[in-house]
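S.K.: The following block contains the structure, expressed as structure tokens.
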Amino acid sequence: MLIAQLLVQGLITASFYALAGVTWGIIYRTTLTFHFSHQLVFTIAGYTAALLTAELKLHFIFAFFCSIATAIALGCSIDAFLYRRLREMGATKATTFLSSLGFATAGTAIVLLLFSSNPRSIKGFPAKTLSIGDVFFTTADVAMVAISLISVGLLLLFLRKSRYGKVIRAVGSNREMARNLGLDINKVYLLVYAIGSGLFGVAAFLFTLKNVAYPTMGVFPFFMSFTAVFLGGINSIAGHALAGFILGMAENLGMIILPGEYKIMIAYGILFIVILIKPEGLLGSKRG
Amino acid sequence: MDYVYHILILVIMYAILVQSLNLIMGYVGVISMGHAVFSGIGAYTAAILSIHLGSNFLIGLAVGFVFSGLVGALLALPSLRVRDEYLIVFTVGFQMVVFEFMLTARGITQGQGGIPGIPPAELLGISFHTPLRFLPLLAVMGLICFAIAWRVTHSPFGRVLKAIREDESACRALGKNTLFFKVLVFGLSGGLAAITGSLMAHYISFISPFSFTIEVSVFIIVMVVLGGEANFWGPIMGAAILMGITEALRFVPGASNYIDAAREIFYGLILMFLMIFRPQGILPEYSKRSKKIPIPKELLSRENGAADPDGIKRTPGRFQEENQEPILEIQGLSKSFGGLQAVAEASLKLFPGDITGLIGPNGCGKTTLFNMANGFMEPDQGAVYVRGKAVTGLAPYKLVTEGLARSWQDVRVFKEMTVLDNVMVARPNQIGENLFLLFLRPGRVAREERENYRAALEYLQLVGLLDKAGQLAGSLSNAEQKLVAIARLLATECPILFLDEPTAALDIDSVERVIQLIQEIAFRKDKTILLVEHNLDVVRGLVKKAYFMSEGKILAEGEPAKLMADPKLAEVYFGID
């Protein structure tokens, strides 16, 4: 039965990583900015949910939407006030990455200073343990799987079907052409940061629901999200979701052989091997 | 007093560590997010060797250097196939994996508790166990590390590193195996970082995983950036300032509880605002935009672009002698992208000393053909021969060894390098590019460097840029940059040159100058040239024979004037109905 339990755990983690993957993926694919502050967006969204429900006793569903709103506000502000300025200066990718790294470092430390390292949790959620046979999971797990997979599905649908989705894909594939078509790149970028950050806010809420909020909570989900992006292939959002899913499954099924502490090594090992064999990633294309 | 020595020791240790990262970040332009871990490898190696084997600290130092160097080289290997952003991903992963390993592999690293009781460094019966005694030892080690970094960065090897930073493809097109350089410098950087770690282990006599967290890696990055990337003294500046601030924070009353958070806020903000307001750091790479270059008198007295004493070797106007072997032959090259056939069965021949044209409307496949012939793109079918030898699919840097080099339509000079360095880096077979010979044969390297200096100035004289040799290439006008690119191409000494639209985006006078120059190159320097050009006047003036390409196929060949007189081809070219 251990296998069945690990499979269910795998599904839970996999859905979460799939969501994490597409949130950073859509940003990186479109803007080619190594948005390191994405982890801070996650942390702030998680804290928003925990503080609103625990301190202000607000309903958790209201807090859910507040998490998303905070995430969008922070993500878009970073683009509008930091990255846009650097873009206009003609900064290199490395420069933008470093400024993002600086912002994330300072921001995480500020969270630590304000709220200490004590964990915070979301209150008022009907947390229950459920079971099918010998396999156990919680209501938070169910929420995580359902909401993650629905979010990923909606995003893929949006990118494929809607007008804005097509615009985003066009900008990601060919910046010059998009500019020639008269698209306002800054607006498209802002939209992309809103989508990516908002969905990462969803992920942060789910994470805090299942676990707790703490200052460095964003580090690991962020690590998994960009690992999924490079593993899946930079250009393919579906690839990011698939890669995230594989990473989550591998992490849990890996526990059959390895102790749980080795999950980073598993993720990194998979990435290393795939990149050596297929540098463009699982679903990536060779051109562009 | 011990406290002052202690601070000095920390500054020197960090300066070494920061210099090692500067080699990668400053000179190659690649960010490593896991540099703390390299020093960790050195620290653990030293600790384990000295505790379990009781060995001399120099042995631990050397083993750590080699081990960490090998790990660094291995880490750079995937960059063989992917772009630089992946190195951020791999180094973050590396940082996290090794940190986890330090925490969990209790049998080797003693886990979270770390390794206590590391004996102090000892040499010739002297024990360096107090800060005052340790300081001279550290100073000597620091001097050695800085001397190595100086030698590496102020050498032909370092020049290639900068060229990689500026434009890796252009650097490969000059015959440099850029991966090899990256792997070597990652190895060296990892090794130097390990030296700091092993010295620290002996000095503090205790190590734990928490000395090598990602926060420490970021701290080192901030020091590199603050001091000034690719500035040799920057690391000392960065380490001194940030260590000074960190220590000063300790004296703020009541700050002890917040010191870690406060420090991180502080250097996070420094990093962010530096990138906006002074990305070059306190000490920029070049203090002045122009460097004084001593120029030999006989070069100065010669008129710009005037013939050298060898005189003109051949007379223009010779055209494809019968039964002569082609120096380069392209046979049936094809390439398709998805369903689109970009090049179909294109064949052409170049004869020694000729200038051959390749013309056709936009999007006709010229660039794709060009890229395939130069090894930047793999053909689906077909072959390329240089002097009868098949060179199809060889890497660009190997094609240069075979005698085939290219220029770029978008010029691609190494902007943040002097004009002279732009040309010198292109010189072939430099033994100074070998990291080991650099240290083992300094005399030969110096002699070779003088020859290359002289040769580079000759080429700059030829293109008329002798007086700008000391300026940064990026500060020159577009036309001048094109001339730098031509001098750089000539410096490879390749007999076959592919010129990609050398007159694009130039004013009339500059076009005239470039045409003259190409003629001189072909006839005086004995080069075979394939010229891709849009400007038909340029083609007519230079070329006796041209290939006409359209929709991926070579439609016709012959004298350009005759080609353009053909109404069918003119229609294709100008789109006249």
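Values quoted throughout were computed directly from the atomic coordinates according to the rules given, and no laboratory measurement underlies them. Note that this is a predicted model, so its numbers are computed, not measured. Please note: Cβ atoms are built from the backbone with ideal geometry, for glycine as well, and neighbour counts cover all protein chains shown.
S.K.: Tell me what chain A gives for mean residue ellipticity at 222 nm when only DSSP H runs of n ≥ 4 count, each as -39,500 (n - 2.57), the sum divided by the residue total, rounded to 500 deg cm²/dmol.
M.R.: Calculated at 222 nm, the ellipticity per residue is -24000 deg cm²/dmol.
S.K.: I'd like the trypsin sites (Lys or Arg not before Pro) in the stretch A:48-99 restricted to DSSP loop residues with at most 11 other Cβ atoms within 10 Å, sorted by number.
M.R.: A:LYS57
S.K.: Would you mind computing the Rg to Rh ratio of the stretch A:110-252 from its alpha-carbon coordinates, Kirkwood style for Rh?
M.R.: We get a ratio of 1.04 for the stretch A:110-252.
S.K.: Among B:ILE529, B:PHE273, B:SER189, which residue has its Cα furthest toward the positive end of the charge dipole of the protein assembly as shown, with +1 on Lys/Arg Cβ and -1 on Asp/Glu Cβ?
M.R.: It is B:PHE273, whose Cα lies furthest towards the positive end.
S.K.: Translational D (Stokes-Einstein, µm²/s) of the stretch A:14-112 at 4 °C and 1.567 mPa s when Rh comes from the Kirkwood sum over C-alpha pairs?
M.R.: The calculation lands on 89 µm²/s.
S.K.: Additional query: Determine which residues of the stretch B:523-562 fall in the zone a paramagnetic label at B:ASP380 would reach in this model, i.e. backbone nitrogen under 20 Å from the point 7 Å along Cα→Cβ.
M.R.: Under 20 Å, as judged by backbone N against the label point of B:ASP380, lie B:549-555 of the stretch B:523-562.
S.K.: Let me ask another. How much of the DSSP beta bridge set in the protein assembly as shown is antiparallel, as a percent to the nearest 5? Intermediate values should be presented prior to the final figure.
M.R.: Numbers: 29 of 45 bridges.
If I count the DSSP bridges inside the protein assembly as shown, around 65 percent turn out antiparallel.
S.K.: Here's a follow-up. Can you pull the three principal axis extents for the Cα set of chain A, in Å, largest first?
M.R.: 59, 47, 34
S.K.: To continue, here is another question. Let me know the volume per residue of the alpha-carbon convex hull for the stretch B:460-501, in Å³.
M.R.: Looking at the stretch B:460-501, the number lands at 77 Å³ per residue.
S.K.: For chain B, with only Lys/Arg (+1) and Asp/Glu (-1) charged at the beta-carbon, what is the dipole magnitude about the Cα centre, in debye rounded to 20? List each step's numbers first, then the result.
M.R.: Numbers: 51 positive and 53 negative charges, 235 e Å.
With only Lys, Arg, Asp and Glu charged at Cβ, the dipole is about 1120 debye.
S.K.: List the relative contact order of chain B as a percent without decimals, with contacts defined as Cα pairs under 8 Å and 6+ residues apart. Before the final figure, lay out each step's value.
M.R.: Details: 1016 pairs, mean separation 97.7, N = 577.
RCO, chain B: 17 percent.
S.K.: Taking neighbour Cβ counts within 10 Å as the exposure measure, how do B:LEU328, A:LEU32 sort from fewest upward?
M.R.: Listing B:LEU328, A:LEU32 from fewest to most nearby Cβ atoms yields A:LEU32, B:LEU328.
S.K.: So how long is each side of the stretch B:191-262 along the principal axes, counting just the alpha-carbon atoms, biggest first, in Å?
M.R.: Reported extents, whole Å, longest axis first: 38, 30, 20.
S.K.: Given Cβ point charges of +1 (Lys, Arg) and -1 (Asp, Glu) and nothing else, what value in debye, to the nearest 20, does the dipole of the stretch B:328-574 about its Cα centre take? Please list the in-between numbers first.
M.R.: Values: 28 positive and 31 negative charges, 132 e Å.
Dipole size: approximately 640 debye.
S.K.: Moving on. For A:ASN180 and A:ALA4, what is the calculated FRET efficiency with R₀ set at 51 Å and r taken between the beta-carbons, to the nearest 0.05? Don't jump to the answer; show the numbers that get you there.
M.R.: On the way: r = 55 Å, r/R0 = 1.07.
According to the calculation, E is roughly 0.40.
S.K.: Something else now. Debye sum, Cα scatterers, the stretch B:328-574, no solvent: what log₁₀ I/I(0) at q = 0.07, 0.10 1/Å?
M.R.: Values, matching the q order: -0.25, -0.50.
S.K.: Let me ask you something else. Compute the signed sum of charges (Lys and Arg +1, Asp and Glu -1) over the other residues within less than 10 Å, Cβ to Cβ, of B:LYS335.
M.R.: The answer is -2.
S.K.: Provide a whole-number value for the mean count of partner chain Cβ atoms within 10 Å of the Cβ atoms in peptide A:269-281. Each step should come with its number before you reach the end.
M.R.: Working: counts 2, 0, 5, 8, 0, 0, 8, 5, 1, 1, 6, 2, 1.
Across A:269-281, the average partner-chain Cβ count within 10 Å equals 3.
S.K.: Helix B:478-491 against the longest principal axis of chain B: what's the angle in degrees, Cα atoms only, rounded to the nearest 10?
M.R.: So the inclination is approximately 90 degrees.
S.K.: Still on this model: Could you pull out every residue, at least 5 positions away or on a different chain, whose amide H is within less than 5 Å of the one on B:ASP566? Hs are placed 1.01 Å off N in the peptide plane, and Pro or chain starts have none.
M.R.: Amide H neighbours of B:ASP566, under 5 Å, 5+ apart: none.
S.K.: Follow-up question, since we're still on this one. Cα to Cα, under 17 Å, and not fewer than 8 places away if on the same chain: which lysines meet these conditions relative to B:LYS288?
M.R.: B:LYS415, B:LYS468
S.K.: Order these by the 10 Å Cβ neighbour count, fewest first: A:LYS187, B:LYS176.
M.R.: Values: A:LYS187 10, B:LYS176 25.
If I rank by nearby Cβ atoms, fewest first, I get A:LYS187, B:LYS176.
S.K.: Rounded to the nearest 500, what is chain B's calculated 222 nm mean residue ellipticity when only DSSP H runs of at least 4 contribute -39500 (n - 2.57) each, over all residues?
M.R.: Rounded to the nearest 500, the figure is -16500 deg cm²/dmol.
S.K.: With r as the distance between the Cβ atoms of A:ALA69 and A:ASP134 and R0 = 51 Å, compute the FRET efficiency 1/(1 + (r/R0)^6) and round to 0.05.
M.R.: E(calc), rounded to 0.05, equals 0.80.
S.K.: Can you pull the mean other chain C-beta count within 10 Å for peptide B:270-278?
M.R.: On the way: counts 3, 9, 12, 4, 4, 16, 8, 1, 0.
Mean number of neighbouring Cβ atoms from other chains: 6.
S.K.: Same structure again: Only helices at least 20 Å long along their axis, Cα-based, and averaging 0.0 or more on Kyte-Doolittle count here, so list those DSSP H runs from chain A.
M.R.: Taking the DSSP H segments of chain A (at least 20 Å long, mean hydropathy at least 0.0), we get A:2-31, A:38-54, A:60-77, A:93-115, A:139-161, A:185-210, A:237-253, A:263-277.
S.K.: What longest range of chain B stays clear of loop-exposed GluC sites (Glu not before Pro) (DSSP non-H/G/I/E/B, at most 12 other C-beta within 10 angstrom)?
M.R.: After excluding every exposed loop site, the longest remaining stretch is B:1-302.
S.K.: May I pose another question? Applying 1/(1 + (r/R0)^6) with R0 = 30 Å to the Cβ-Cβ distance of B:ARG106 and B:ARG151, what FRET efficiency is obtained, to the nearest 0.05?
M.R.: 0.15
S.K.: Sticking with this structure for a sec: Pull up the cross-link candidates among the aspartates and glutamates for A:LYS128, meaning alpha carbon to alpha carbon under 17 Å and not fewer than 8 places away within one chain.
M.R.: A:ASP141
S.K.: Counting only other residues whose beta carbon sits under 14 Å from that of B:ASP260, what net charge do I get with K and R as +1, D and E as -1? Walk me through the intermediate numbers first.
M.R.: Values: positive: B:ARG250, B:ARG263; negative: B:GLU215, B:GLU247, B:GLU264.
Its environment carries a net charge of -1.
S.K.: From the mean inverse distance of alpha carbon pairs (Kirkwood) and the Cα radius of gyration, derive Rg over Rh for chain B.
M.R.: 1.07
S.K.: Can you list the trypsin sites (Lys or Arg not before Pro) in the stretch B:248-289 that are in a DSSP coil and have 14 or fewer other beta carbons within 10 angstrom?
M.R.: Qualifying residues, ordered by number: B:ARG250, B:LYS288, B:ARG289.
S.K.: Considering amide H positions built from the backbone, and no H for Pro or chain starts, which residues 5 or more places from B:GLY357, or on another chain, come under 5 Å of its amide H?
M.R.: B:LEU531, B:LYS545, B:ALA546, B:TYR547
S.K.: Would you list, by chain and number, the lysines whose Cα falls below 30 Å from the Cα of B:LYS544, excluding same-chain residues fewer than 8 positions away?
M.R.: Leaving aside lysines fewer than 8 places away in the same chain, those within reach of B:LYS544 are B:LYS313, B:LYS335, B:LYS349, B:LYS366, B:LYS389, B:LYS398, B:LYS482, B:LYS525, B:LYS527, B:LYS553, B:LYS562, B:LYS568.
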